[in-house]
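Single-structure report; data block below.
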(Lines give C-alpha, C1' and ligand atoms only; values in the text may rest on other atoms or scores of the structure.)
Protein backbone atom coordinates (compact mmCIF):
# COMPACT_ATOMS: atom_id res chain seq x y z
CA UNK A 1 0.00 0.00 0.00
CA UNK A 2 1.55 3.39 -1.01
CA UNK A 3 2.26 5.85 1.78
CA UNK A 4 -0.25 8.56 2.68
CA UNK A 5 -3.20 6.78 1.09
CA UNK A 6 -6.61 5.66 2.27
CA UNK A 7 -6.06 2.10 3.51
CA UNK A 8 -9.10 0.52 1.85
CA UNK A 9 -8.00 -1.90 -0.86
CA UNK A 10 -9.08 -4.91 -2.92
CA UNK A 11 -6.48 -7.57 -3.68
CA UNK A 12 -6.72 -10.05 -6.55
CA UNK A 13 -4.79 -13.28 -6.09
CA UNK A 14 -3.66 -14.21 -9.60
CA UNK A 15 -2.29 -17.56 -8.44
CA UNK A 16 -5.74 -18.48 -7.11
CA UNK A 17 -7.23 -17.40 -10.44
CA UNK A 18 -4.85 -19.70 -12.30
CA UNK A 19 -5.59 -22.53 -9.87
CA UNK A 20 -9.32 -22.18 -10.53
CA UNK A 21 -8.86 -22.32 -14.28
CA UNK A 22 -6.72 -25.44 -14.05
CA UNK A 23 -9.18 -27.01 -11.59
CA UNK A 24 -12.21 -26.41 -13.84
CA UNK A 25 -10.31 -27.55 -16.92
CA UNK A 26 -9.36 -30.78 -15.16
CA UNK A 27 -13.00 -31.28 -14.10
CA UNK A 28 -14.61 -30.47 -17.46
CA UNK A 29 -11.99 -31.85 -19.83
CA UNK A 30 -8.99 -30.70 -21.81
CA UNK A 31 -10.27 -31.47 -25.30
CA UNK A 32 -12.43 -28.36 -25.74
CA UNK A 33 -11.80 -24.63 -26.02
CA UNK A 34 -12.09 -22.34 -23.01
CA UNK A 35 -13.36 -18.77 -23.10
CA UNK A 36 -12.68 -16.66 -20.01
CA UNK A 37 -15.37 -14.06 -19.41
CA UNK A 38 -13.59 -10.90 -18.27
CA UNK A 39 -16.40 -8.40 -18.78
CA UNK A 40 -17.13 -5.79 -16.09
CA UNK A 41 -13.40 -5.53 -15.30
CA UNK A 42 -13.24 -9.30 -14.79
CA UNK A 43 -16.19 -9.19 -12.39
CA UNK A 44 -14.37 -6.50 -10.42
CA UNK A 45 -11.07 -8.40 -10.25
CA UNK A 46 -9.06 -6.39 -12.81
CA UNK A 47 -9.51 -7.37 -16.45
CA UNK A 48 -6.04 -6.72 -17.85
CA UNK A 49 -4.05 -8.42 -15.12
CA UNK A 50 -6.46 -11.37 -14.94
CA UNK A 51 -6.43 -11.76 -18.72
CA UNK A 52 -2.65 -11.68 -18.90
CA UNK A 53 -2.38 -14.47 -16.34
CA UNK A 54 -5.14 -16.53 -17.94
CA UNK A 55 -3.60 -16.12 -21.40
CA UNK A 56 -0.32 -17.41 -19.97
CA UNK A 57 -2.25 -20.37 -18.50
CA UNK A 58 -3.59 -21.29 -21.93
CA UNK A 59 -7.08 -19.79 -22.07
CA UNK A 60 -8.18 -19.88 -25.71
CA UNK A 61 -10.63 -16.96 -25.90
CA UNK A 62 -11.73 -13.95 -23.87
CA UNK A 63 -15.28 -12.65 -23.57
CA UNK A 64 -16.27 -9.01 -23.02
CA UNK A 65 -19.64 -7.28 -22.92
CA UNK A 66 -18.94 -4.16 -25.00
CA UNK A 67 -16.33 -3.29 -27.65
CA UNK A 68 -14.58 -0.82 -25.35
CA UNK A 69 -13.70 -3.66 -22.98
CA UNK A 70 -12.14 -5.54 -25.87
CA UNK A 71 -10.07 -2.52 -26.86
CA UNK A 72 -8.84 -2.32 -23.26
CA UNK A 73 -7.58 -5.90 -23.49
CA UNK A 74 -5.82 -5.26 -26.80
CA UNK A 75 -4.19 -2.14 -25.34
CA UNK A 76 -3.10 -4.28 -22.38
CA UNK A 77 -1.30 -6.68 -24.70
CA UNK A 78 -3.83 -9.51 -25.02
CA UNK A 79 -3.41 -11.36 -28.33
CA UNK A 80 -5.92 -14.21 -27.94
CA UNK A 81 -9.26 -14.03 -29.77
CA UNK A 82 -11.82 -11.76 -28.13
CA UNK A 83 -15.57 -12.27 -28.40
CA UNK A 84 -17.86 -9.31 -27.73
CA UNK A 85 -20.80 -11.07 -26.12
CA UNK A 86 -23.08 -8.05 -26.33
CA UNK A 87 -22.45 -7.32 -29.98
CA UNK A 88 -22.00 -3.68 -30.91
CA UNK A 89 -23.78 -0.43 -31.65
CA UNK A 90 -23.97 1.29 -35.00
CA UNK A 91 -20.71 3.04 -35.77
CA UNK A 92 -18.50 0.56 -33.90
CA UNK A 93 -18.04 -1.87 -36.79
CA UNK A 94 -14.67 -0.52 -37.94
CA UNK A 95 -13.41 -0.50 -34.37
CA UNK A 96 -14.16 -4.19 -34.02
CA UNK A 97 -12.50 -5.06 -37.30
CA UNK A 98 -9.43 -2.97 -36.58
CA UNK A 99 -8.95 -4.45 -33.10
CA UNK A 100 -9.72 -8.04 -34.16
CA UNK A 101 -12.75 -8.26 -31.84
CA UNK A 102 -15.41 -10.70 -33.00
CA UNK A 103 -19.05 -9.77 -32.33
CA UNK A 104 -21.85 -12.04 -31.21
CA UNK A 105 -24.57 -11.20 -33.72
CA UNK A 106 -28.15 -11.01 -32.44
CA UNK A 107 -30.08 -9.47 -35.34
CA UNK A 108 -30.12 -9.29 -39.11
CA UNK A 109 -29.64 -5.52 -38.89
CA UNK A 110 -26.45 -6.01 -36.91
CA UNK A 111 -25.22 -8.62 -39.38
CA UNK A 112 -25.88 -6.25 -42.28
CA UNK A 113 -23.93 -3.41 -40.70
CA UNK A 114 -20.97 -5.65 -40.01
CA UNK A 115 -21.10 -7.13 -43.52
CA UNK A 116 -20.95 -3.67 -45.10
CA UNK A 117 -18.02 -2.62 -42.91
CA UNK A 118 -16.11 -5.80 -43.74
CA UNK A 119 -16.83 -5.32 -47.44
CA UNK A 120 -15.46 -1.77 -47.35
CA UNK A 121 -12.22 -3.19 -45.97
CA UNK A 122 -12.15 -6.03 -48.48
CA UNK A 123 -12.35 -8.62 -45.69
CA UNK A 124 -14.34 -11.70 -44.77
CA UNK A 125 -15.14 -11.16 -41.09
CA UNK A 126 -15.86 -13.87 -38.56
CA UNK A 127 -19.01 -13.64 -36.46
CA UNK A 128 -20.65 -15.74 -33.76
CA UNK A 129 -24.42 -16.02 -34.14
CA UNK A 130 -26.35 -15.98 -30.88
CA UNK A 131 -29.54 -18.05 -30.75
CA UNK A 132 -32.12 -17.23 -28.08
CA UNK A 133 -33.33 -20.62 -26.87
CA UNK A 134 -35.14 -19.36 -23.78
CA UNK A 135 -33.14 -16.65 -22.06
CA UNK A 136 -35.33 -13.99 -23.64
CA UNK A 137 -32.68 -11.30 -23.88
CA UNK A 138 -30.67 -10.77 -27.06
CA UNK A 139 -30.28 -13.30 -29.84
CA UNK A 140 -32.15 -14.76 -32.81
CA UNK A 141 -35.24 -16.62 -31.62
CA UNK A 142 -34.73 -20.34 -32.12
CA UNK A 143 -38.01 -20.61 -34.03
CA UNK A 144 -36.76 -17.93 -36.44
CA UNK A 145 -33.32 -19.48 -37.00
CA UNK A 146 -34.15 -20.87 -40.44
CA UNK A 147 -35.38 -17.52 -41.77
CA UNK A 148 -32.35 -15.72 -40.32
CA UNK A 149 -29.90 -18.26 -41.71
CA UNK A 150 -31.43 -17.97 -45.17
CA UNK A 151 -31.04 -14.19 -45.17
CA UNK A 152 -27.53 -14.45 -43.76
CA UNK A 153 -26.50 -16.41 -46.87
CA UNK A 154 -26.89 -13.19 -48.88
CA UNK A 155 -24.20 -11.40 -46.83
CA UNK A 156 -20.97 -12.24 -48.63
CA UNK A 157 -18.44 -10.68 -46.28
CA UNK A 158 -19.32 -12.66 -43.15
CA UNK A 159 -18.27 -16.11 -41.99
CA UNK A 160 -20.17 -17.87 -39.21
CA UNK A 161 -17.32 -19.04 -37.02
CA UNK A 162 -19.57 -20.18 -34.18
CA UNK A 163 -23.16 -20.68 -33.09
CA UNK A 164 -23.90 -19.97 -29.44
CA UNK A 165 -26.70 -19.74 -26.91
CA UNK A 166 -27.02 -18.99 -23.21
CA UNK A 167 -28.59 -21.19 -20.55
CA UNK A 168 -31.12 -19.47 -18.30
CA UNK A 169 -31.34 -21.86 -15.35
CA UNK A 170 -28.31 -24.15 -15.46
CA UNK A 171 -27.64 -23.36 -11.79
CA UNK A 172 -30.99 -24.87 -10.74
CA UNK A 173 -31.29 -28.63 -11.09
CA UNK A 174 -35.02 -28.38 -10.40
CA UNK A 175 -35.23 -26.74 -13.84
CA UNK A 176 -33.26 -29.47 -15.60
CA UNK A 177 -36.16 -30.05 -17.99
CA UNK A 178 -35.98 -26.45 -19.22
CA UNK A 179 -32.21 -26.65 -19.63
CA UNK A 180 -32.62 -29.81 -21.70
CA UNK A 181 -35.27 -28.05 -23.78
CA UNK A 182 -32.86 -25.17 -24.45
CA UNK A 183 -30.18 -27.62 -25.57
CA UNK A 184 -32.70 -29.36 -27.87
CA UNK A 185 -33.83 -26.06 -29.43
CA UNK A 186 -30.21 -25.11 -30.01
CA UNK A 187 -29.40 -28.49 -31.56
CA UNK A 188 -32.28 -28.02 -34.00
CA UNK A 189 -31.06 -24.52 -34.89
CA UNK A 190 -27.57 -25.89 -35.55
CA UNK A 191 -29.08 -28.44 -37.90
CA UNK A 192 -30.90 -25.68 -39.77
CA UNK A 193 -27.68 -23.71 -40.30
CA UNK A 194 -25.80 -26.81 -41.45
CA UNK A 195 -28.52 -27.76 -43.90
CA UNK A 196 -28.01 -24.37 -45.56
CA UNK A 197 -24.28 -24.95 -45.88
CA UNK A 198 -22.88 -23.17 -42.81
CA UNK A 199 -19.93 -24.96 -41.21
CA UNK A 200 -19.18 -23.26 -37.86
CA UNK A 201 -15.90 -24.10 -36.14
CA UNK A 202 -17.51 -23.93 -32.70
CA UNK A 203 -20.77 -24.81 -31.04
CA UNK A 204 -20.93 -22.95 -27.75
CA UNK A 205 -23.58 -23.50 -25.08
CA UNK A 206 -22.17 -23.80 -21.57
CA UNK A 207 -21.68 -20.99 -19.09
CA UNK A 208 -20.08 -21.69 -15.68
CA UNK A 209 -22.95 -23.72 -14.18
CA UNK A 210 -23.62 -25.40 -17.52
CA UNK A 211 -20.00 -26.48 -17.89
CA UNK A 212 -19.90 -27.93 -14.37
CA UNK A 213 -23.40 -29.37 -13.91
CA UNK A 214 -24.61 -30.30 -17.41
CA UNK A 215 -22.21 -32.50 -19.36
CA UNK A 216 -24.51 -32.42 -22.40
CA UNK A 217 -23.90 -28.66 -22.73
CA UNK A 218 -20.13 -29.10 -23.15
CA UNK A 219 -19.63 -28.79 -26.87
CA UNK A 220 -16.66 -27.25 -28.68
CA UNK A 221 -16.17 -24.37 -26.24
CA UNK A 222 -17.33 -23.39 -22.75
CA UNK A 223 -17.56 -19.90 -21.29
CA UNK A 224 -16.19 -19.61 -17.76
CA UNK A 225 -17.16 -16.61 -15.67
CA UNK A 226 -17.75 -16.72 -11.94
CA UNK A 227 -16.00 -20.03 -11.30
CA UNK A 228 -12.71 -18.52 -12.49
CA UNK A 229 -12.95 -16.01 -9.66
CA UNK A 230 -13.89 -18.63 -7.06
CA UNK A 231 -17.51 -17.48 -6.99
CA UNK A 232 -19.06 -20.90 -7.18
CA UNK A 233 -20.94 -21.04 -3.90
CA UNK A 234 -24.07 -19.31 -5.14
CA UNK A 235 -23.91 -19.99 -8.89
CA UNK A 236 -23.27 -23.74 -8.97
CA UNK A 237 -25.96 -26.24 -8.01
CA UNK A 238 -25.60 -27.86 -4.61
CA UNK A 239 -25.33 -31.57 -3.98
CA UNK A 240 -23.27 -32.45 -7.06
CA UNK A 241 -19.54 -32.92 -7.66
CA UNK A 242 -17.84 -29.60 -8.42
CA UNK A 243 -14.26 -28.51 -9.06
CA UNK A 244 -12.24 -27.20 -6.13
CA UNK A 245 -12.20 -23.39 -6.20
CA UNK A 246 -10.25 -20.76 -4.29
CA UNK A 247 -11.47 -17.23 -3.53
CA UNK A 248 -9.60 -14.77 -5.71
CA UNK A 249 -10.55 -11.37 -4.30
CA UNK A 250 -10.10 -10.01 -0.80
CA UNK A 251 -11.30 -6.64 0.52
CA UNK A 252 -9.45 -5.01 3.39
CA UNK A 253 -9.08 -1.79 5.30
CA UNK A 254 -7.85 -0.63 8.73
CA UNK A 255 -9.39 0.77 11.88
CA UNK A 256 -9.30 4.53 11.41
CA UNK A 257 -11.03 5.73 14.59
CA UNK A 258 -11.60 4.06 17.95
CA UNK A 259 -13.66 5.20 20.93
CA UNK A 260 -15.32 3.96 24.09
CA UNK A 261 -19.07 4.47 24.18
CA UNK A 262 -21.28 4.14 27.30
CA UNK A 263 -24.49 2.10 27.30
CA UNK A 264 -27.60 3.64 25.83
CA UNK A 265 -25.97 5.71 23.08
CA UNK A 266 -27.24 5.54 19.52
CA UNK A 267 -24.94 5.17 16.53
CA UNK A 268 -25.15 6.17 12.89
CA UNK A 269 -27.79 7.65 10.60
CA UNK A 270 -31.32 7.14 11.80
CA UNK A 271 -30.05 5.98 15.22
CA UNK A 272 -30.80 2.37 14.28
CA UNK A 273 -28.41 0.87 16.85
CA UNK A 274 -28.09 1.58 20.56
CA UNK A 275 -25.30 0.22 22.73
CA UNK A 276 -26.49 -2.20 25.41
CA UNK A 277 -23.38 -1.94 27.55
CA UNK A 278 -20.08 -0.12 27.61
CA UNK A 279 -18.69 -0.67 24.13
CA UNK A 280 -15.55 -0.20 22.10
CA UNK A 281 -16.61 1.17 18.71
CA UNK A 282 -14.41 1.48 15.63
CA UNK A 283 -14.93 3.30 12.35
CA UNK A 284 -13.53 1.93 9.10
CA UNK A 285 -13.08 3.85 5.86
CA UNK A 286 -15.48 2.09 3.56
CA UNK A 287 -19.11 2.72 2.66
CA UNK A 288 -21.70 2.27 -0.02
CA UNK A 289 -19.88 4.74 -2.29
CA UNK A 290 -17.10 2.14 -2.37
CA UNK A 291 -19.54 -0.62 -3.22
CA UNK A 292 -19.88 -1.96 0.33
CA UNK A 293 -23.64 -2.58 0.48
CA UNK A 294 -25.85 -0.45 2.71
CA UNK A 295 -27.97 -3.57 3.13
CA UNK A 296 -25.32 -4.93 5.52
CA UNK A 297 -26.31 -2.32 8.10
CA UNK A 298 -26.77 -3.92 11.53
CA UNK A 299 -26.33 -7.46 10.17
CA UNK A 300 -22.98 -7.75 8.41
CA UNK A 301 -19.67 -8.51 10.07
CA UNK A 302 -15.95 -8.11 9.49
CA UNK A 303 -12.81 -9.82 10.81
CA UNK A 304 -10.57 -8.06 13.34
CA UNK A 305 -7.66 -9.86 15.00
CA UNK A 306 -9.06 -13.24 13.95
CA UNK A 307 -12.45 -12.48 15.53
CA UNK A 308 -15.75 -11.52 13.98
CA UNK A 309 -16.88 -7.96 14.69
CA UNK A 310 -20.47 -6.97 13.88
CA UNK A 311 -21.48 -3.93 11.85
CA UNK A 312 -23.52 -1.61 14.03
CA UNK A 313 -25.67 1.22 12.71
CA UNK A 314 -26.16 2.00 9.08
CA UNK A 315 -23.42 1.67 6.51
CA UNK A 316 -22.99 5.23 5.28
CA UNK A 317 -21.47 6.64 2.11
CA UNK A 318 -17.87 6.71 3.31
CA UNK A 319 -17.77 5.01 6.71
CA UNK A 320 -18.91 1.85 8.45
CA UNK A 321 -19.09 1.39 12.23
CA UNK A 322 -18.13 -1.89 13.87
CA UNK A 323 -18.32 -3.13 17.46
CA UNK A 324 -14.94 -4.46 18.63
CA UNK A 325 -15.89 -4.84 22.28
CA UNK A 326 -14.06 -7.80 23.79
CA UNK A 327 -11.62 -8.23 20.92
CA UNK A 328 -8.07 -8.12 22.33
CA UNK A 329 -5.30 -5.79 21.19
CA UNK A 330 -7.50 -3.46 19.17
CA UNK A 331 -5.97 -0.15 18.15
CA UNK A 332 -6.08 2.24 15.22
CA UNK A 333 -4.23 1.04 12.15
CA UNK A 334 -4.81 -2.69 12.61
CA UNK A 335 -6.18 -4.62 9.63
CA UNK A 336 -9.87 -5.25 9.04
CA UNK A 337 -10.97 -7.96 6.60
CA UNK A 338 -14.29 -7.41 4.85
CA UNK A 339 -13.91 -10.22 2.28
CA UNK A 340 -11.24 -12.81 2.92
CA UNK A 341 -9.95 -14.96 5.75
CA UNK A 342 -7.78 -15.08 8.83
CA UNK A 343 -6.59 -18.20 10.63
CA UNK A 344 -10.01 -19.10 12.05
CA UNK A 345 -12.47 -16.77 10.33
CA UNK A 346 -13.66 -16.41 6.77
CA UNK A 347 -16.04 -14.08 4.94
CA UNK A 348 -16.83 -14.82 1.30
CA UNK A 349 -18.44 -12.57 -1.27
CA UNK A 350 -21.20 -15.19 -1.32
CA UNK A 351 -21.79 -14.55 2.41
CA UNK A 352 -22.34 -10.83 1.87
CA UNK A 353 -24.59 -11.57 -1.10
CA UNK A 354 -26.74 -13.97 0.89
CA UNK A 355 -27.26 -11.39 3.62
CA UNK A 356 -28.69 -8.83 1.23
CA UNK A 357 -30.52 -11.15 -1.18
CA UNK A 358 -28.27 -10.95 -4.22
CA UNK A 359 -25.43 -12.95 -5.81
CA UNK A 360 -21.68 -12.76 -5.34
CA UNK A 361 -21.20 -11.29 -8.82
CA UNK A 362 -22.97 -8.10 -7.75
CA UNK A 363 -20.71 -7.80 -4.70
CA UNK A 364 -17.41 -8.02 -6.59
CA UNK A 365 -18.62 -6.05 -9.62
CA UNK A 366 -19.82 -3.32 -7.28
CA UNK A 367 -16.42 -2.43 -5.82
CA UNK A 368 -15.80 1.15 -6.90
CA UNK A 369 -12.77 2.91 -8.34
CA UNK A 370 -11.73 4.76 -5.21
CA UNK A 371 -10.95 1.41 -3.59
CA UNK A 372 -7.27 0.86 -4.40
CA UNK A 373 -6.83 -2.38 -6.38
CA UNK A 374 -3.70 -4.48 -5.99
CA UNK A 375 -2.55 -7.88 -7.20
CA UNK A 376 -0.72 -10.82 -5.71
CA UNK A 377 1.00 -13.49 -7.79
CA UNK A 378 2.59 -13.27 -11.22
CA UNK A 379 0.74 -11.90 -14.23
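The values are calculated or read from the model by the stated rules, or taken from the named source; none is laboratory data. Just so it is clear, the structure is predicted and the values come from calculations on it, not from any experiment. A quick note on method: Cβ atoms are made from the backbone with ideal geometry, for glycine too, and the neighbour counts reach across all protein chains shown.
Note on the stretch 245-271: residues that are farther than 18 Å from residue 340 by Cβ and either in a loop (DSSP other than H, G, I, E, B) or at pLDDT below 95 (or both) amount to 5.
Residue-by-condition table, conditions (1) surrounded by 15 or more Cβ atoms within 10 Å (Cβ to Cβ); (2) in contact with a helix residue (DSSP H, G or I) (Cβ under 8 Å, 6 or more places away or on another chain); (3) more than 21 Å from residue 109 (Cβ to Cβ); (4) at pLDDT 95 or above:
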position	(1), (2), (3), (4)
154	no, no, no, yes
161	yes, no, no, yes
166	yes, no, no, yes
171	yes, yes, yes, no
180	no, yes, yes, yes
183	yes, yes, yes, yes
186	yes, yes, yes, yes
193	yes, yes, no, yes
206	yes, yes, yes, no
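Selection of the stretch 1-47 for residues being without any contact (Cβ under 8 Å) to a residue 40 or more places away in the chain, assigned to a helix (DSSP H, G or I) and over 28 Å from residue 318 (Cβ atoms) yields 22, 25. The condition (being crowded, with 16+ Cβ neighbours inside 10 Å and either closer than 19 Å to residue 288 by Cα or not assigned by TED's automatic domain parsing to the domain that holds residue 277 (or both)) is satisfied by just one residue among 336, 324: 336.
With the structure loaded, tell me whether residue 303 is closer than 19 Å to residue 9 by Cα, in contact with a helix residue (DSSP H, G or I) (Cβ under 7 Å, 6 or more places away or on another chain), modelled with pLDDT of 95 or more and part of a strand (DSSP E or B) or whether it fails that test. It is false that residue 303 is closer than 19 Å to residue 9 by Cα, in contact with a helix residue (DSSP H, G or I) (Cβ under 7 Å, 6 or more places away or on another chain), modelled with pLDDT of 95 or more and part of a strand (DSSP E or B). I'd like to know if the stretch 349-370 contains one or more residues that are at pLDDT below 95 and more than 18 Å from the chain's Cα centre (by Cα). Yes, the stretch 349-370 has at least one match. Per the conditions (1) out of contact with any strand residue (DSSP E or B) (no Cβ under 7 Å at 6 or more places or on another chain); (2) within 17 Å of residue 356 (Cβ to Cβ); (3) in contact (Cβ under 8 Å) with a residue 40 or more places away in the chain; (4) assigned to a loop (DSSP other than H, G, I, E, B), the sole criterion not satisfied by residue 295 is (4).
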